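Take a look at the structure below.
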Amino acid sequence: MINFIGTYDCKADTKGRVMLPVALKNQMSPVLNNGFVIKRSVFQPCLELYPMEEWNLLMQKMNKKNRFKKKNNDFIRRFSAGVKVVEIDATGRLLIPKNLVSIAGISKEVVLSSAINIVEIWDKDSYEKVLDETAEDFAALAEEVMGDDGDDGDDVS
């Protein structure tokens, strides 16, 4: 499993190509030759870049869903809508498909933000807006998500 680190400001050209920063490309080197999957995010107006190995693990999990339940079928269809296989070219550029560029509202300024095992691809203005909107609630969110896992070390047995 790979864990990406960092947030990077980049530029997209008119064709949707983004030059990956050297630091991120170096982190990707173990998985670079296997390709990537790019898709729209479920919760945010951004794109997600999955290394192929991570995508395959996710698909194994999805494949266990009962396809005879309508909600599962509807979820899988929506989740996989617009999914594309992409590669990083020899010069370190990622070509974002045009339909996904418009879905994420990507203009010229782009942010590549690590999210553990994937990289989120944001229009810079959208990224800054989401960070601003969630800033004041982050402490409460952190406590809710990370603070009550049942393993806080307070057990005395």
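The values are calculated or read from the model by the stated rules, or taken from the named source; none is laboratory data. Small disclaimer: the values here were computed from a predicted structure and weren't measured. Methodologically, a virtual Cβ is constructed for each residue, glycine included, from the backbone with ideal geometry; neighbour enumeration extends over all protein chains shown. Just so you know, the surface numbers come from the protein's heavy atoms only, side chains and all, with ligands and any DNA or RNA stripped out. Shrake-Rupley method; radii C 1.70, N 1.55, O 1.52, S 1.80 Å.
Where residues in segment 82-100 are aliphatic (A, V, I, L, M) and open to solvent by less than 50 Å² (accessible area, probe 1.4 Å), which of them is farthest from GLU53 (Cα to Cα)? Walk me through it before giving the result.
Here is the first cut: in segment 82-100, the residues aliphatic (A, V, I, L, M) are 83, 85-86, 88, 90, 94-96, 100.
Next cut, open to solvent by less than 50 Å² (accessible area, probe 1.4 Å) only: 83, 86, 88, 94, 96, 100.
Numbers: VAL83: 15, VAL86: 13, ILE88: 15, LEU94: 18, ILE96: 19, LEU100: 21 Å.
Per the criteria, the residue is LEU100.
Quick one: in segment 19-32, of everything that is in a helix (DSSP H, G or I) and hydrophobic (A, V, I, L, M, F, W, C), which residue is most open to solvent (accessible area, probe 1.4 Å)? It comes out as VAL22. Number of residues in segment 73-97 that are outside any strand (DSSP E or B) and of a type in the set (A, V, I, L, M, F, W, C): the value is 7. Take segment 9-24 and flag every residue that is within 21 Å of TRP55 (Cβ to Cβ) and modelled with pLDDT of 95 or more. Listed by number, the residues that qualify are VAL18, LEU20, LEU24. Quick one: which residue in GLU144, GLU136, GLU120 is modelled with pLDDT of 85 or more and farther than 18 Å from VAL83 by Cα? Going through GLU144, GLU136, GLU120 in turn, just one is modelled with pLDDT of 85 or more and farther than 18 Å from VAL83 by Cα: GLU144. Has segment 64-71 got at least one residue that is at pLDDT 90 or above, open to solvent by less than 60 Å² (accessible area, probe 1.4 Å) and of a type in the set (A, V, I, L, M, F, W, C)? Within segment 64-71, none of the residues are at pLDDT 90 or above, open to solvent by less than 60 Å² (accessible area, probe 1.4 Å) and of a type in the set (A, V, I, L, M, F, W, C).
Yes/no matrix, rows are residues, columns are (1) touching a residue at least 12 places away in the same chain (Cβ under 8 Å); (2) in contact with a strand residue (DSSP E or B) (Cβ under 8 Å, 6 or more places away or on another chain); (3) in a helix (DSSP H, G or I); (4) within 20 Å of SER41 (Cα to Cα):
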site: LEU57; (1), (2), (3), (4): no, no, yes, yes
site: LYS71; (1), (2), (3), (4): no, no, yes, yes
site: ASN99; (1), (2), (3), (4): yes, no, yes, yes
site: SER114; (1), (2), (3), (4): yes, yes, no, yes
site: GLU120; (1), (2), (3), (4): yes, yes, no, yes
site: ALA140; (1), (2), (3), (4): no, no, yes, no
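Results for (1) under 29 Å from SER107 (Cα atoms); (2) open to solvent by 60 Å² or more (accessible area, probe 1.4 Å); (3) within 11 Å of the chain's Cα centre (by Cα), shown as yes or no for each residue.
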residue	(1), (2), (3)
ASN34	yes, yes, no
ILE38	yes, no, yes
PHE43	yes, yes, yes
GLU48	yes, no, yes
MET52	yes, no, no
MET62	no, no, no
ASN73	no, no, no
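Among the residues of segment 101-110, those that are in a loop (DSSP other than H, G, I, E, B) and either surrounded by 12 or more Cβ atoms within 10 Å (Cβ to Cβ) or out of contact with any Lys or Arg (no Cβ under 7 Å at 6 or more places or on another chain) (or both) comprise ALA104, GLY105, ILE106, SER107. Return a yes/no flag: does segment 115-124 have any residue that is surrounded by 13 or more Cβ atoms within 10 Å (Cβ to Cβ) and over 24 Å from MET1 (Cα atoms). Within segment 115-124, one or more residues are surrounded by 13 or more Cβ atoms within 10 Å (Cβ to Cβ) and over 24 Å from MET1 (Cα atoms).
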